[in-house]
Amino acid sequence: MNREELEEIIKKHIKWVRNEKGGEQANLWGANLRGANLRGANLREADLREADLREANLWGANLRGANLLKKIIQLPNLCKWYVVYNEYNEKPLMIGCVSKTIKEWDKWFKGKDTYETKRNTKEFKQIHLAFKTIKEYLKLENRNEKTRNKKQT
């Protein structure tokens, strides 16, 4: 799918969300959106099952109610850098422009290496808090999934 086709699908989808004439729910099932710039896109209730969202820019995208097979979580601006968890990526947690696994970020926060923000500053503490928030949210989600699965069996 090229950029123009994707933009047309999103335009029709926005009309659909607003109940406007000519609107159509976005069906991006199985679409190759790898590396796509979806920054700020309104994909509310879009069908994104099996779409390849690896390395897609989802900053500010509205994914509320979107049909996804994997988790994508974006925190509001709690700190200097944006924080996005995208299960479609091999290194799913991006803080600023650096992606790592949760275990890699854990090790990094416990270490002494720095990127742009110096340790022991208010900004660094806010970034660390955003990381811990995502980590705790994922733990809660996993517990909830286990509970739902037990109820179904």
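Between 120, 77, the distinction of being at positive phi, open to solvent by 60 Å² or more (accessible area, probe 1.4 Å) and either polar (S, T, N, Q) or modelled with pLDDT under 80 (or both) belongs to 120 only.
Conditions tested, residue by residue: (1) under 13 Å from the mean Cα position of the chain (by Cα); (2) in a loop (DSSP other than H, G, I, E, B); (3) under 21 Å from residue 126 (Cα atoms); (4) in contact (Cβ under 8 Å) with a residue 40 or more places away in the chain.
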| site | (1), (2), (3), (4) |
| --- | --- |
| 20 | no, yes, no, no |
| 55 | yes, yes, no, no |
| 60 | yes, yes, yes, no |
| 64 | yes, yes, no, no |
| 80 | no, yes, yes, yes |
| 89 | yes, yes, no, no |
| 94 | yes, no, yes, no |
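Looking at 49, 54 in this structure, which one is surrounded by fewer than 20 Cβ atoms within 10 Å (Cβ to Cβ) and over 16 Å from residue 89 (Cβ atoms)?
Numbers: 54 fails: over 16 Å from residue 89 (Cβ atoms).
Within the list 49, 54, the selection yields 49.
Being in contact with an Asp or Glu (Cβ under 7 Å, 6 or more places away or on another chain), among the aromatic types (Phe, Trp, Tyr), modelled with pLDDT of 90 or more and not in a strand (DSSP E or B) is a property that holds for residue 16. Taking first residues from segment 23-49 that are polar (S, T, N, Q) and partners that are outside any loop (DSSP other than H, G, I, E, B), the Cβ contacts under 6 Å between residues at least 6 apart in sequence or on separate chains come to 25/16; 27/47; 32/52; 37/57; 42/14; 42/62. Of all residues in segment 123-140, those being open to solvent by 100 Å² or more (accessible area, probe 1.4 Å) and either assigned to a loop (DSSP other than H, G, I, E, B) or more than 26 Å from residue 71 (Cβ to Cβ) (or both) number 0.
I'm trying to understand the selection: among the residues of segment 1-57, which are polar (S, T, N, Q) and more than 24 Å from residue 84 (Cα to Cα)? Can you show your working first?
Within segment 1-57, the subset polar (S, T, N, Q) is 2, 19, 25, 27, 32, 37, 42, 57.
If the condition is that a residue be polar (S, T, N, Q) and more than 24 Å from residue 84 (Cα to Cα), then 2, 19, 25 are the ones that fit.
The values are calculated or read from the model by the stated rules, or taken from the named source; none is laboratory data. All values derive from a computational prediction rather than experimental measurement. Cβ coordinates were reconstructed from backbone atoms using ideal geometry, including for glycine residues, and neighbour counts include every protein chain displayed. Areas reflect the complete protein model, heavy atoms only, side chains present, ligands, DNA and RNA absent. Shrake-Rupley method; radii C 1.70, N 1.55, O 1.52, S 1.80 Å.
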